[in-house]
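Written out below as structure tokens is the structure these notes cover.
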Amino acid sequence: MNEDQFQALMQPVMDAISGKPIDQRLAADLNRDFPAESDAFKAIDAACHEAIKAGWMCAHGDEGRRFGRVIKPSPETHDLSVDVVQLTDIVGPHHSHPTGEVCMTMPVTASAKFDGHGAGWCVNEPGSAHSPTVSDGEALVLYLLPGGEIQFT
């Protein structure tokens, strides 16, 4: 799995997000169309683990908090960036989402939660802010940002 193959794997998700408001209805749509038990979700999860092992995903940070942008926003991605973080029982740096954030939670530890959510999709609407929190173990969190916009506070 390389970066181009990963982008191709993510394309159906990016296509599904394109043109839709970044809101709770989008989270419901993604949980319906790409549920945690689906082949598509499992393929993305497996690809993330493979890419981390290969060293090109989550290449920054330290044990317990690794991160990195893997897809930059472009016309092909519907102006969405994709970042992946690998977090273990941590409260991350506070930040805001000027244009919103779409998150895919992939627990590594079965009980792990991201901001209270287990495996699946959640959305932080435009203008929202939080300190991203993984509790009860380790999780990978893939997040898509319209325009690649995030503001650390």
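For the range 55-102, the set of residues classified as closer than 21 Å to Val13 by Cβ and of a type in the set (A, V, I, L, M) consists of Met57, Val70, Ile71, Leu80, Val82, Val84, Val85, Leu87, Val102, listed by residue number. Please indicate, with yes or no, whether at least one residue in the range 129-149 is in contact with an Asp or Glu (Cβ under 7 Å, 6 or more places away or on another chain), crowded, with 19+ Cβ neighbours inside 10 Å and in a loop (DSSP other than H, G, I, E, B). Checking the range 129-149: at least one residue is in contact with an Asp or Glu (Cβ under 7 Å, 6 or more places away or on another chain), crowded, with 19+ Cβ neighbours inside 10 Å and in a loop (DSSP other than H, G, I, E, B).
Looking at the range 18-116, the strands (runs of 3 or more DSSP E) lying wholly inside it that each contain 1 or more residues that are in contact with a helix residue (DSSP H, G or I) (Cβ under 9 Å, 6 or more places away or on another chain) and closer than 21 Å to Ala129 by Cα sit at 65-71, 80-91, 101-107. Annotation note: Cβ proximity below 6 Å between a residue of the range 135-153 that is on the phi > 0 side of the Ramachandran plot and a residue that is loosely packed, with under 15 Cβ neighbours inside 10 Å (sequence gap 6+ or interchain) occurs for Asp136/Ser111; Gly137/Thr109; Gly137/Ser111.
The condition of being closer than 22 Å to Gln7 by Cβ and without any contact (Cβ under 8 Å) to a residue 60 or more places away in the chain holds for only one of Thr109, Thr88, Thr99, Thr105, that being Thr105.
The number of residues in the range 89-110 being under 21 Å from Ile52 (Cα atoms) and either of a type in the set (Gly, Ala, Ser) or within 15 Å of the chain's Cα centre (by Cα) (or both) comes to 9.
Entry remark, the range 117-128: residues being in a strand (DSSP E or B) and within 12 Å of the chain's Cα centre (by Cα) number 5 in total.
Would you check if Pro75 is modelled with pLDDT under 95 and on the phi < 0 side of the Ramachandran plot? No, not satisfied.
The values are calculated or read from the model by the stated rules, or taken from the named source; none is laboratory data. All values reported here derive from a predicted model rather than from experimental measurement. All Cβ positions, glycine included, derive from the backbone under ideal geometry; neighbour counts span all protein chains shown.
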